[in-house]
Structures are given as C-alpha cells and as structure tokens.
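The values are calculated or read from the model by the stated rules, or taken from the named source; none is laboratory data. It should be emphasised that the depicted structure is a prediction, and the values quoted were computed from it without experimental measurement. Cβ placement follows ideal geometry from the backbone for every residue including glycine, while neighbour counts extend to all protein chains displayed. Accessible surface areas use protein heavy atoms only, side chains included; no ligands, DNA or RNA. Shrake-Rupley method; radii C 1.70, N 1.55, O 1.52, S 1.80 Å.
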Amino acid sequence: MSDVTIYHNPKCGTSRNTLAMIRNAGIEPEVVLYLETPPSRATLKALFKKAGVSVREALREKGTPYQELGLDDTSLSDDALLDAIEQHPILLNRPFVTTPLGARLCRPSELVLDILPAPQQGAFAKEDGEAVIDAQGKRIQK
C-alpha cells in the first residue's frame, strides 16, 4: 500500500492533473474515489487538521448543493458542515493529498509538489498545456 493518498474525483481537471504529477514522481498512490467511498467523519477531521484547513475552507461551492443547503451561513458549526459533507460528498473540495511530508488541498494542482516524497522524473504539462515541470524534472517558476 502506498504512503501517498489522493482523494480524487476523475471528473475534475485539477484532480486529474494532481494525480498525474504524483505518478510523474514515480509514485502510485492510493486513490480514494471519495464520491463513491466517502471518508469517515474522523478521517475528514484528521485530514483537515493535517492540511491546516478549516472545515469551511474544505467546502466546495461550485457545482454542489452549497447554496441550497444554506452553507454560506457563517454561524453553522463545524459539526453541521461535516454533516453536510457526509450527506453530500460532492461538497468536499478536491483533491486532498496526504504523504509522509504532510497534506494539502491541491488547488492549484502544483501544490502537490511541496509534499511529494520523490522528485519529478521528467517534463510535465497540465491538461490545458501549461508546462509545470521541465525536462530535468524541475518546477517551472511562473
């Protein structure tokens, strides 16, 4: 089993790019298709803590029932937000990645490079053609 895990939505370009960068480092991660197999409440709490994000920061608004559920109400507790994520896993922003070096919400996808335990093994460009890694496996600075 890999010591790298990605909470992945294959319909999301950012998530696909993040997974591809993990694999470009020669790592085959554990891929959790969180819409099919939602993480437990305890796993979510630990993931958010490790990533240094609040439950609210882990919520996804676009393409979700965020507005219909009134989740923009800042008086809602973390428990209420976690209840919503458990009932509607699409509310979990993605992709979250955990490695021995930490955890990140990888938006943008290049944030995964900060926590990968292995270097990139060659050039990499995102699906939209944006070059991220050069032929020597070095991050291209913007």
Counting DSSP beta bridges in the chain, what percent are antiparallel, to the nearest 5?
-> 75
Karplus 3J(HN,Hα) series, Hz, for the stretch 29-45 with 6.51 cos²θ - 1.76 cosθ + 1.60 (x for Gly, Pro) | x, 6, 9, 9, 7, 5, 6, 8, 10, x, x, 5, 4, 4, 5, 4, 4
Cleavage-rule hits (trypsin sites (Lys or Arg not before Pro)) in the stretch 59-119: DSSP loop, at most 12 neighbouring Cβ within 10 angstrom = Lys62
³J(HN,Hα) across the stretch 85-101 via Karplus (A = 6.51, B = -1.76, C = 1.60, θ = phi - 60°), whole Hz, x for Gly/Pro?
-> 5, 5, 7, 9, x, 4, 6, 6, 5, 8, x, 8, 10, 10, 9, x, 9
Packing-wise, with mean Cβ within 10 Å as the measure, how do 17-23, 92-98 rank, highest first?
-> 92-98, 17-23
For the stretch 50-65, in order, what is each residue's ³J(HN,Hα) by Karplus, 6.51 cos²θ - 1.76 cosθ + 1.60 with θ = phi - 60°, in whole Hz (x at glycine and Pro)?
-> 5, 7, x, 10, 7, 4, 4, 5, 8, 7, 9, 9, 5, x, 9, x
Filter the cross-link list Lys49/Lys138; Lys49/Lys126; Lys11/Lys62 down to pairs whose alpha-carbon distance in this structure exceeds 23 Å.
-> Lys49/Lys138; Lys49/Lys126
Set of the stretch 26-49 residues, backbone N closer than 14 Å to the point 7 Å along the Cα-Cβ line of Asp78 = 41-49
Here, Glu86 and Lys49, labelled 7 Å along Cα→Cβ, have an inter-label distance in nm of 1.7
What percentage of the solvent-accessible surface of the chain, computed with a 1.4 Å probe over protein heavy atoms, is contributed by carbon and sulfur atoms?
-> 50
Please give the solvent-accessible surface of Arg107 in Å², to the nearest 10, using a probe radius of 1.4 Å with every protein chain present.
-> 90
Checked against the positive end of the charge dipole of the stretch 1-63 (+1 on Cβ of Lys and Arg, -1 on Cβ of Asp and Glu, about the Cα centre), the farthest of Gly63, Ile22, Pro38 is Gly63
With charges only on Cβ, +1 for K and R and -1 for D and E, what is the dipole size of the chain about its Cα centre, in debye, rounded to 20?
-> 420
Label-point separation in nm, Glu68 to Lys11, each point 7 Å along Cα→Cβ = 1.3
Using a Gaussian network for the chain with springs between C-alpha atoms less than 10 Å apart, which of these wobbles most: Lys45, Lys126, Lys11?
-> Lys11
Would you list Glu68, Glu57 from the most to the least accessible area, probe 1.4 Å?
-> Glu68, Glu57
Heavy-atom accessible area per residue of the chain, all protein chains kept, 1.4 Å probe, expressed in Å², is 52
How much length is gained on full extension from Arg41 to Ser2, taking 0.36 nm per residue of separation minus their Cα-Cα distance?
-> 11.8 nm
The list [x] 49, 30, 25; [y] 82, 26, 25; [z] 42, 35, 32 gives values of Cα extents along the principal axes in Å, and only one came from this structure; which label was calculated from it?
-> [x]
